[in-house]
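The values are calculated or read from the model by the stated rules, or taken from the named source; none is laboratory data. As the structure is a computational prediction, the values presented were derived from the model and not from experiment. Cβ placement follows ideal geometry from the backbone for every residue including glycine, while neighbour counts extend to all protein chains displayed. Accessible surface is based on the protein model in full, side chains and every heavy atom, while ligands, DNA and RNA are left aside. Shrake-Rupley method; radii C 1.70, N 1.55, O 1.52, S 1.80 Å.
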Amino acid sequence: MKPWLWAATLLVYAFLYVPLAIVALFSFNDSLLNAQWVGFTLDWYRKLFADEAMLTAAANSLFIALLSSSIATVLGAMAGIAMHRWRTRWLPLLVITPVAMPEILLGVSLLLFFRQVLDLTLGFFSILIAHITFSIGFVAIVVRARLAGMDESLFEAARDLGATPWQTFRHITLPLILPALTAGFLMSFTLSIDDFVITFFVAGVGVTTLPLQIYSMIKVAVSPEVNAVSTLLMALTATLIFFATRLAPELLKGQR
Amino acid sequence: MALLELRNITRRFGALEAVKDVSLAIEAGEFFTLLGPSGCGKTTILRMIAGFDAPDAGDILLDGASLSGVPPEKRPLHTVFQSYALFPHMTVAGNLAFPLEMAGVGRAEIARRVGEMLALVHLEDKADRYPHELSGGQKQRVALARGLINRPRLLLLDEPLGALDAKLRLEMQGDLIRLQREVGITFVFVTHAQQEALALSHRIAVMRAGRIEQCATPDVLYTQPANRFVADFIGRINLIEAEVIALTPEGARLRSATLGELLVAPPPACALGDRGAFALRPERVCIAAPGESVELDQRYAGRIRSALYVGETTLYQIALESGQIIEALEANTSPGRARRYEAGDPVIIGWAKEAGVFLHDES
Ligand SMILES: Nc1ncnc2c1ncn2[C@@H]1O[C@H](COP(=O)(O)OP(=O)(O)OP(=O)(O)O)[C@@H](O)[C@H]1O
Ligand SMILES: [Mg+2]
């Protein structure tokens with residue numbers, strides 16, 4: 001590669017990662033101001049773990065992320081299998097549209113739907129449904145990609161060798177799409193835990209998630225506590241992405 | 001009673017009739033082959049027998065009982081797929097155990113039979129390998145073993161040797177014959193390779209465009225093809241337009257534009273004035289140098305047009321004075337006879353009246 005290409009690449013990555021690194025760095029800075037390095041401290045983390053509102057928000061976020069990605073994985077797998085099996089034109093459109101839709105649109109429409117059509121009290125349940133809605137598409141896409149790379153006669157062979165449709169699913173289909181399910185689950189989880197826009201619309205007043213809590217803190221003042229929570233969130237997301245990409249190459253190969 | 005019977009099976013895909021009114025009876029213990037060019041409906045028939053597809057008309061019977069409405073897992077027959085369809089997440093032993101597990105066979109019995117089957121296909125040392133760690137020939141043998149392990153009444157094989165190279169293919173043909181005779185299970189084998197069909201089968205059904213053209217033993221197909229299509233599809237053959245001009249007890253007299261009058265004996269089933277083809281296998285044609293004396297019913301002078309050396313034989317193309325091209329196959333057996341004639345040599349060719357057959361066109 002040419003030197004200037006190297007430089008450009010470096011610049012892009014710097015642009016992407018330097019802000020993240022600074023946030024992480026200043027979460028250990030012994031100063032209220034995000035301007036100058038003073039000294040190492042774990043005070044902000046200590047303060048964070050004493051912050052009642054923050055902890056509740058974190059617990060909410062984790063719980064919603066776990067539940068919504070679990071449900072989205074099951075529903076998304078079903079959608080992915082259906083898309084693969086019936087190859088209709090409208091089903092993929094229907095499943096994938098929420099993925100491509102601008103978040104703000106999804107947020108507004110869900111809000112209107114919950115409030116005016118269902119007359120639902122906004123809160124935990126509405127956030128859960130919203131998160132499931134935008135996650136299903138991702139799971140469905142990876143599951144379908146996995147199935148598309150697979151020899152169709154595997155499933156016929158199972159039936160032929162004496163397996164009922166359910167046994168075929170249990171012994172053949174499920175193990176074969178397991179990497180896709182895991183990757184889909186991790187993807188949904190990361191999407192859910194850091195979603196701000198949609199959650200902002202459908203959260204109502206009672207329930208706060210981590211991103212909402214961070215936002216409300218920043219509105220007052222940029223405290224290093226925000227750096228600390230952001231760093232933790234970053235670490236969690238990075239871990240999940242690491243596992244998801246460990247599974248992704250297998251997705252492409254079509255074999256375990 | 002036949003083990004498997006197809007009665008007037010028809011299968012349509014939209015306007016296309018993929019299988020047209022096919023009837024077949026396959027006996028227990030038989031190695032039966034469906035042979036035909038690509039797209040003639042072989043796989044479609046196999047899929048209907050296996051239960052992945054259902055005929056639009058007609059019935060399939062196993063041991064005299066109709067299979068209609070019986071799902072694939074309830075049919076006591078297994079399929080070996082062209083792609084092998086080995087389960088990638090299971091070891092060789094796991095693949096072999098699968099049909100037994102589905103049938104509810106006990107653990108000890110499964111272990112015993114898997115071991116037995118691995119020995120039969122010489123893969124004892126590969127039990128714990130995954131399919132992607134095997135060679136093409138080994139995968140093929142695992143697929144066969146998996147199809148046989150639960151002792152089906154019938155094993156369906158859809159071009160199982162199609163993905164192998166020529167040498168391995170020949171080797172696997174030997175293995176297939178040995179296995180089939182050893183386990184005594186009825187095989188229904190699909191191929192578009194005529195040589196393979198001739199080598200393996202007890203009986204062959206030759207198909208064209210959804211229909212069965214002829215169903216017979218390999219030697220009957222070869223020596224007494226029912227029509228031009230079968231004659232042309234099985235092996236090499238000279239086909240020359242001809243018309244029946246006389247019928248006598250000892251033979252039929254034909255007239256051809258390029259060969260003049262010909263005698264065919266014994267008389268074929270045809271009527272005076274029938275048009276069709278005189279069919280002559282290349283190995284039945286004799287070639288002699290112009291001076292040599294030959295005692296043959298038909299004799300023509302011609303010139304060698306080309307000579308194709310194939311090792312044990314040489315295939316000559318001879319242009320007769322009338323312009324007709326005749327193919328002749330000569331064995332290169334005696335020393336010094338590897339290539340008797342070169343292109344351009346004048347020769348006399350001929351054949352006995354029993355050498356060819358007359359195939360009349362369907363009206
Ligand atoms: N599901 C289907 N839908 C529409 N047409 C089909 C379907 N399955 C098969 N056909 C058509 O039916 C005909 C017979 O197909 P089939 O697969 O039985 O051929 P084949 O003899 O097995 O050929 P090959 O040797 O290439 O495997 C073909 O013209 C094929 O295009
Ligand atoms: Mg086929």
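Quick notes on this one:
- The listed residue being farther than 23 Å from B:ARG153 by Cβ, surrounded by 17 or more Cβ atoms within 10 Å (Cβ to Cβ) and either touching an Asp or Glu at 6+ places or on another chain (Cβ under 7 Å) or of a type outside the set (D, E, K, R) (or both), out of B:MET102, B:MET90: B:MET90
- The set of residues in the stretch A:146-169 being more than 8 Å from every other protein chain (Cβ to nearest Cβ), crowded, with 17+ Cβ neighbours inside 10 Å and not basic (Lys, Arg) consists of A:LEU147, A:MET150, A:PHE155, A:THR168.
- Taking the criterion of being in contact (Cβ under 8 Å) with a residue 60 or more places away in the chain, more than 9 Å from ligand 2 (Cβ to nearest atom) and hydrophobic (A, V, I, L, M, F, W, C), the residues of the stretch B:46-63 that qualify are B:ILE49, B:ALA50, B:LEU62.
- Failed item in (1) at pLDDT below 85; (2) of a type in the set (Ser, Thr, Tyr); (3) under 17 Å from A:SER61 (Cβ atoms), with A:THR245 passing the rest: (3)
- Residues that are within 16 Å of ligand 1 (Cβ to nearest atom) and surrounded by fewer than 19 Cβ atoms within 10 Å (Cβ to Cβ) were ranked within the stretch B:61-83; the one that is farthest from the other protein chains (Cβ to nearest Cβ) is B:GLN82.
- Of the residues in the stretch B:230-252, at least one is open to solvent by 40 Å² or more (accessible area, probe 1.4 Å), within 16 Å of ligand 1 (Cβ to nearest atom) and more than 14 Å from every other protein chain (Cβ to nearest Cβ).
- Looking only at the stretch B:157-168, and only at residues there that are over 13 Å from B:ALA197 (Cβ atoms) and more than 14 Å from every other protein chain (Cβ to nearest Cβ), the one that is farthest from ligand 2 (Cβ to nearest atom): B:LYS167
- Evaluation of B:LEU329 against the conditions (1) open to solvent by 30 Å² or more (accessible area, probe 1.4 Å); (2) farther than 18 Å from B:ARG236 by Cα; (3) touching a residue at least 60 places away in the same chain (Cβ under 8 Å) shows that the sole unmet condition is (2).
- Just so you know, in the stretch A:135-184 the residues that are assigned to a loop (DSSP other than H, G, I, E, B) and free of Cβ contacts under 8 Å to residues at least 60 places away in the same chain include one that is nearest to B:ILE149 (Cα to Cα), and it is A:LEU161.
- The set of residues in the stretch B:1-20 being surrounded by 14 or more Cβ atoms within 10 Å (Cβ to Cβ) and within 15 Å of ligand 1 (Cβ to nearest atom) consists of B:LEU6, B:ILE9, B:THR10, B:ARG11, B:ARG12, B:GLU17, B:ALA18, B:VAL19, B:LYS20.
- Among all positions in the stretch B:27-46, there is no residue which is under 21 Å from A:SER153 (Cβ atoms), within 9 Å of chain A (Cβ to nearest Cβ) and crowded, with 22+ Cβ neighbours inside 10 Å.
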